[in-house]
């Protein structure tokens with residue numbers, strides 16, 4: 001996924017910005033756990049929210 005974001009970025013500055021967005025998103029442990037779960041296959045937001053003590057709306061924001 002990261003390579004596609006960087007390759008599509010064009011010049012070096014936009015590639016760096018794309019990488020910054022990726023690393024910022026991955027800096028959150030909840031997002032990393034959500035990504036691990038989605039690596040297993042599609043899931044409903046309610047399924048993604050189950051392991052966390054947060055609202056469906058909060059989980060939805062994480063996956064946007």
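The values are calculated or read from the model by the stated rules, or taken from the named source; none is laboratory data. In this text the structure is predicted, and so the values were computed from the model without any measurement. Cβ atoms come from the backbone with ideal geometry, glycine included; neighbour counts cover every protein chain shown.
I need the full set of residues from region 27-37 which are free of Cβ contacts under 8 Å to residues at least 12 places away in the same chain and closer than 15 Å to residue 64 by Cβ, in order please.
35 - this is the single residue of region 27-37 that is free of Cβ contacts under 8 Å to residues at least 12 places away in the same chain and closer than 15 Å to residue 64 by Cβ.
What's the number of the condition residue 5 fails, among (1) exposed (fewer than 13 other Cβ atoms within 10 Å of the Cβ); (2) assigned to a helix (DSSP H, G or I); (3) at pLDDT below 90?
(1)
With the checklist (1) in a helix (DSSP H, G or I); (2) surrounded by 14 or more Cβ atoms within 10 Å (Cβ to Cβ); (3) modelled with pLDDT of 90 or more in hand, flag the one item residue 18 doesn't pass.
Failing condition for residue 18: (3).
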